[in-house]
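Pasting a structure here, questions to come.
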C-alpha cells in the first residue's frame, strides 16, 4: 500500500505533527534565559543606582545646609560689625558674649532635670521655696565680695573677664567627672559656675561703654550684645543637647571647650576695655565743709532700678504661680495638656524677651527713663486683661508682654548705670542692682507659691502689687535737671593717648 504525502500515519495514538509541536515547545523552554548571576547583577545595578541617588541627595542637602550655615554666619558677622562696631571693638565683645551664652546654655542643659516641673504640685511647694532661696546664693557672693574686688581691676578688665571664663572651664571639667561618678563635688562646682557666670555679667556690663561706637547709644549697644547672647544660646542648645544624648558629662565637656575659647577671646579684647582715661565722673556727695563723703548714686539710676523691680517681680510671680496653677487647675478642655498650657506661657515670655532685646538693638533712640516707666504700665495693663479675660489667649499675652517689658527695662537700667555711675564703682553697682532684681524675682516667686490657686484672685493680687509699686516709683521720679546742673551724658567720653 502506497502512502501519499498528505496521509497522516498513526503512531501510538498520536500523529507526528503533534509530536513535533511538543518537541518545538521543549526546545523553546530549553533556550537559555537569565541566570542567577545575571539576576544578581541586575539587582546590584538597581541598588547601585539607588545608592548613587541617595548619595546625590545627601550631597545636595549638605550643600544647601552648608550654604545656609555660611549665610547665617555671614549675616551674624555683618550685624556684629555694623554701625561702627568693628572700628570701636564692640564686635569682639559681641562675639564673646555669644560664646558666654553658648557655654551657659550647655551647662544648663547638662544639669537640667524635669523633676521640678514634673513635681510642681501642691506637695512640692516646700522644696520649690528652698530652691528659690538657693538662687540668691550666687548673688549674695557676687554683690558684697566680687563686685568691689572687680572694681579694683578697672585697668585689667580683660583679664577679669578671661578669669570668669577660665574658672568656668575648669569647673565644667570637674563637673563632668562629678556627674559621671556621682561625686560630692557636683553641687560646689555647680555653684562655682553660677557665681562665675554672674561675675562675668558684671564685668561685661562695665566694659560696654568703653567700646561704644561714636554714633550709637548704650541702650542699643546693650541690646546688640544681649541679642548675640540669644543667638549663641540658640546655636549651642542643639549641639549641647546632642552631646547630652551620650551623657550629661559630654555636654559639660563641650562647655569646657567653649569656655576655653572664650578665655582666649576675652584676653584678646581691645585695650580700650582697660582704659579709664578721660572718663567723665558724676558728681560726688560732699559735706558742709566741701569734703567728699562718698559716691552719689544719681536719682535716675535709683528710679530705673526701682522701676525694674516691678517687671522682675512679676516674672518670678508668674513663673511659680502658673507652674502650680496650670498643673493642678488647668483650663477647661486642657486637663490632659497641662504641660502644653504651661509651655504657652513660658514660650510667650521667651518670645517677648527676644522681641524686647531685638527692639533695643535696632531702635536708634530709646529714652531709658520713659522705657522703664512704659514697662511698668504695660505689665499693669496685661495683668488687668488676664484677670478680666482669663483664658489661653490671655495667658499667652501675659507671658509675651511680661517678657517684653522685662527685657526693655533691663537694657535701659544697664545703660543708665553705665552713663550715671562713676567708673570706679560700676562693677559694684551692677552687682548690687542684679542682686536687688533677683531678690524682687524671689519675693514674687514666694508670693506665687503662697497664694491659693484661684486664677482671678492670684492675678488680682499681682495687679494690686504692681499698681501700688508703680505709684511708689512714680512718686519718687527724679526731677528734670536744671540748666545750672546738666545731666550726665549717656555715654562716657574716652580719650586715647
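Where does each of 195-204, 406-415 land if you order them by average Cβ count within 10 Å, highest first?
Values: 195-204: 23.3, 406-415: 27.1.
Taking the mean over residues of other Cβ atoms within 10 Å, the ranking is 406-415, 195-204.
Classify segment 329-390 as rounded, prolate or oblate from the Cα gyration tensor: take a ≥ b ≥ c as the square roots of its eigenvalues, call it rounded if a/c is under 1.5, otherwise prolate when a/b beats b/c and oblate if not.
Details: a/c = 5.04, a/b = 1.91, b/c = 2.64.
Oblate shape, in that a/c is at least 1.5 and b/c is the bigger or equal ratio.
Regarding segment 351-454, what are the three Cα extents along the principal axes, ordered largest first, in Å?
49, 34, 19
How large is Rg over Rh for segment 402-486, taking Rg from the Cα atoms and Rh as the Kirkwood inverse mean of 1/r across Cα pairs? Don't jump to the answer; show the numbers that get you there.
Numbers: Rg = 16.7 Å, Rh = 15.7 Å.
The Rg/Rh ratio comes out at 1.07.
Right, another one. What value in Å³ per residue do you get for the convex hull of the alpha-carbon atoms in segment 391-442?
On the way: hull volume 3.3 nm³, N = 52.
Expressed per residue, the convex hull around the Cα atoms of segment 391-442 is 63 Å³.
Right, here's the next one. Based on other C-beta atoms within 10 Å, arrange 267, 297 from fewest to most.
Values: 267 14, 297 18.
Ascending number of Cβ neighbours within 10 Å: 267, 297.
Could I ask something else about it? Could you work out how much longer the chain between residue 108 and residue 239 gets when fully extended? Use 0.36 nm per residue separation minus the Cα distance between them, nm to one decimal.
On the way: separation 131, 0.36 × 131 = 47.16 nm, distance 1.27 nm.
Stretched out fully, the residue 108 to residue 239 stretch lengthens by 45.9 nm.
How far apart, in nm, are two points set 7 Å out from the Cα along the Cα-to-Cβ line at residue 184 and at residue 355?
For residue 184 paired with residue 355, the spin-label model returns 5.0 nm.
Rank these for me by crowding, 264, 346, 146, 94, going from fewest to most other beta carbons within 10 Å. List each step's numbers first, then the result.
Working: 264 12, 346 16, 146 22, 94 25.
With the fewest neighbours first, 264, 346, 146, 94 line up as 264, 346, 146, 94.
Let me ask another. Order by neighbour count: 107, 381, fewest other Cβ atoms within 10 Å first, most last.
Details: 107 25, 381 13.
Ordered by Cβ neighbours within 10 Å, fewest first: 381, 107.
Length gain on complete extension for the stretch residue 364 to residue 479, per 0.36 nm per residue less the alpha carbon to alpha carbon distance? Walk me through the numbers before you get to the answer.
Details: separation 115, 0.36 × 115 = 41.40 nm, distance 2.50 nm.
Here the segment from residue 364 to residue 479 would lengthen by 38.9 nm.
Moving on. Classify segment 297-479: rounded, prolate or oblate, from the alpha-carbon gyration tensor (a ≥ b ≥ c, eigenvalue square roots; a/c under 1.5 rounded; otherwise prolate if a/b is larger than b/c)? Numbers along the way, then the final one.
Numbers: a/c = 2.13, a/b = 1.86, b/c = 1.14.
Prolate, because a/c is 1.5 or more and a/b exceeds b/c.
While we're on this one: Give me the number: length gained by fully extending residue 191 to residue 392, i.e. 0.36 nm times residue separation minus the C-alpha to C-alpha distance, one decimal in nm.
Details: separation 201, 0.36 × 201 = 72.36 nm, distance 3.68 nm.
Gain on extension, residue 191 to residue 392, equals 68.7 nm.
Under the Kirkwood approximation for Rh and a Cα-based Rg, what ratio Rg/Rh is obtained for segment 80-276? Don't jump to the answer; show the numbers that get you there.
On the way: Rg = 17.7 Å, Rh = 17.7 Å.
Radius of gyration over Kirkwood radius for segment 80-276 works out to 1.00.
Please quote Rg/Rh for segment 185-277 to two decimal places, taking the Kirkwood radius as Rh and restricting both calculations to Cα atoms.
Numbers: Rg = 16.0 Å, Rh = 15.4 Å.
For segment 185-277, the value is 1.03.
Then there is this: I want to check the label-to-label distance for residue 133 and residue 457. Put each point 7 Å from Cα in the C-beta direction and report it in nm to one decimal.
Placing both labels 7 Å along Cα→Cβ, they lie 2.6 nm apart.
Arrange the peptides 209-218, 418-427, 179-188, 356-365 so that the one whose residues have, on average, the most other Cβ atoms within 10 Å appears first. All intermediate terms of the calculation are to be shown ahead of the outcome.
On the way: 209-218: 20.1, 418-427: 22.0, 179-188: 13.2, 356-365: 17.5.
Top to bottom by mean Cβ count within 10 Å: 418-427, 209-218, 356-365, 179-188.
Go ahead and run the numbers for FRET between residue 471 and residue 261, Cβ-Cβ distance against an R0 of 35 Å, rounding to 0.05.
Values: r = 48 Å, r/R0 = 1.38.
Rounded to the nearest 0.05, the efficiency is 0.10.
Also: Give me the distance in nm between label points sitting 7 Å out from Cα along the Cα-to-Cβ direction at residue 81 and residue 177, one decimal.
That separation, rounded to one decimal, is 4.2 nm.
Every read-out reported here was derived from the displayed coordinates using simple, explicitly stated rules and does not represent laboratory data. All values derive from a computational prediction rather than experimental measurement. Every residue, glycine among them, receives a Cβ derived from its backbone with ideal geometry; neighbour counts consider all protein chains shown.
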